[in-house]
1. How far apart, in nm, are the 7 Å Cα→Cβ label points at residue 67 and residue 38?
2. Rounded if a/c is under 1.5, else prolate if a/b is larger than b/c, else oblate: which is the stretch 15-100, with a ≥ b ≥ c the root eigenvalues of its Cα gyration tensor?
3. For the stretch 45-140, taking Cα atoms only, what is the radius of gyration to one decimal and the Dmax to the nearest whole Å?
4. Could you put 35, 27 in order of accessible surface area, largest first, with the 1.4 Å probe and the full protein assembly present?
5. Grab the Cα-Cα distance for residue 25 and residue 110, subtract it from 0.36 nm times how many residues apart they are, and report the gain in nm with one decimal.
6. Would you please give the FRET efficiency between residue 75 and residue 131, computed as 1/(1 + (r/R0)^6) with r the Cβ-Cβ distance and R0 = 35 Å, to the nearest 0.05?
7. Just subtract the alpha-carbon distance of residue 139 and residue 153 from 0.36 nm times their residue separation and send over the number in nm, one decimal.
Amino acid sequence: MTSRQPRRGGAPSATAAGSGPISNALIRVTRLHVIQARQLFRAVGLHPGHELLLMHLWDTGPQRQADLAVVFDTDSAAMTRTVQRLERAGFVRRRPDPNDGRATLVETTAAGNGLRRSVEQLWAQLEAITTAQMTPARQRALLEGLEQVEHNLAVGHGSPEHESIRSQDDGAGGD
């Protein structure tokens, strides 16, 4: 009897998740994507997700730390840990908000700004790895499908709460 080698990124079990093959595939793909991102961004001293925070700060300028937690849909403790890690690496700094002494602004440093070109190149490399051997038409179709999935998840399509609301809306039409 031969032993099967574990497949990297193969969890969760396809058998256990048989009633949700798309969700199963999304979890596997997301996990592999994070692994790949971790390997790429490690070269510039970043952990997965840190590049997203830097990109946001590059686009928007200094932001209140509490607002960053909202934008990134995380709690304040998790955002504090992320900002602290980036701060220790020298890529961001925190300073009091001049308009609200209770709030803290987060801004990129010269070192953080110096990462922009590298991050953009690594992001393009991650995109190339992710879409290798896909035609532009297939890439567009994948992006459209993922945007629909994102929308569905954002508004809760299929959740018991959504179905309850939808059935109430359907009955309220009064034709």
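The values are calculated or read from the model by the stated rules, or taken from the named source; none is laboratory data. Computed from a predicted structure; not experimentally measured. Using ideal geometry, Cβ is built from the backbone for each residue, glycine included, and neighbour counts are taken over all protein chains shown. Ligands, DNA and RNA are stripped out before the accessible areas are found, and what is left, the full protein with its side chains, is counted by its heavy atoms. Shrake-Rupley method; radii C 1.70, N 1.55, O 1.52, S 1.80 Å.
1. 3.2
2. The shape class here is prolate.
3. Over the stretch 45-140's Cα set, Rg and Dmax evaluate to 15.5, 52 Å.
4. From most accessible down to least: 27, 35.
5. 26.6 nm is the gain from fully extending residue 25 to residue 110.
6. Values: r = 33 Å, r/R0 = 0.93.
In this case the efficiency is close to 0.60.
7. Details: separation 14, 0.36 × 14 = 5.04 nm, distance 2.08 nm.
Additional length available on full extension: 3.0 nm.
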